[in-house]
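Q: Below is a structure I'd like to ask you about.
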Amino acid sequence: MVFNHTTLEHIFNVQKAFKNLCLLSRDVVIVCVPFLQPYHSDYGDYWRFSPLCLKRLYLENGLAVLSLNWNSHRMSAVYVFGVGAKHPERWREFFTVPQGLDKSLWHRDQGIGYHALPNILHRLGKLPRRWFKKRRGGSGTCISDP
């Protein structure tokens with residue numbers, strides 16, 4: 001098993017680094033990478049990873065994705081946590097369908113990073129439309145121009 005926690009964003013050639021992690025492991029590779037995190041350039045800060053990116057890194061290196069998840073704490077940095085395996089049949093009883101791969105979770109107000117600090121201005125910008133929608137009882141759309 002190989003475990004890597006918040007270091008891949010500091011390696012410029014991240015695909016080669018991930019490949020090396022996979023080559024080191026006989027089976028399982030566990031990683032935790034940032035999705036939304038403040039930039040810290042003192043020692044190189046090159047990447048941020050979406051769940052889709054992490055999924056592709058696993059698949060391109062011959063590993064099945066067993067788990068793909070992220071934190072959703074309000075007003076905090078967001079990290080993606082993944083578990084991949086070369087022999088997924090050994091682990092299926094311990095893992096359900098990876099949450100991050102379930103398309104029903106990719107909704108506005110629920111998706112990755114929605115409650116994080118960098119998105120608060122985006123959410124505040126939607127308040128007037130929501131208020132208008134509630135007041136009119138409609139879809140929230142304005143009357144179109146003639």
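The values are calculated or read from the model by the stated rules, or taken from the named source; none is laboratory data. Just so we're clear, the structure is a prediction, and the values are computed from it rather than from any experiment. As a convention, Cβ positions derive from the backbone with ideal geometry for all residues, glycine included, and neighbour counts pool all protein chains shown.
Q: How about segment 70-90: which of its residues are over 18 Å from Asn4 (Cβ atoms), surrounded by 14 or more Cβ atoms within 10 Å (Cβ to Cβ) and modelled with pLDDT of 85 or more?
A: Pro88
Q: Which numbered condition in (1) assigned to a helix (DSSP H, G or I); (2) over 14 Å from Lys86 (Cβ atoms) is the only one that Phe12 fails?
A: Condition (1) is where Phe12 drops out.
Q: Which of the residues belonging to segment 59-69 are surrounded by 14 or more Cβ atoms within 10 Å (Cβ to Cβ) and either in a loop (DSSP other than H, G, I, E, B) or among the basic types (Lys, Arg) (or both)?
A: Selection gives Asn61, Leu63.
Conditions (1) part of a loop (DSSP other than H, G, I, E, B); (2) modelled with pLDDT under 90, marked per residue:
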{"residue": "Leu57", "(1), (2)": "no, no"}
{"residue": "Ile112", "(1), (2)": "yes, yes"}
{"residue": "Pro118", "(1), (2)": "no, yes"}
{"residue": "Leu124", "(1), (2)": "no, yes"}
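Q: Next up: Collect the residues in segment 11-47 that are buried (at least 16 other Cβ atoms within 10 Å of the Cβ) and under 18 Å from the mean Cα position of the chain (by Cα), keeping them in residue-number order.
A: Val14, Phe18, Val29, Ile30, Val31, Cys32, Val33, Pro34, Phe35, Leu36, Gln37
Q: Within the bounds of segment 26-43, is there any residue that is basic (Lys, Arg) and modelled with pLDDT of 95 or more?
A: yes
Q: Moving on to the next point. From the set of residues in segment 48-58 that are surrounded by 18 or more Cβ atoms within 10 Å (Cβ to Cβ), touching a residue at least 40 places away in the same chain (Cβ under 8 Å) and not aliphatic (A, V, I, L, M), which is nearest to Val2 (Cα to Cα)?
A: Ranking the candidates gives Lys55 first.
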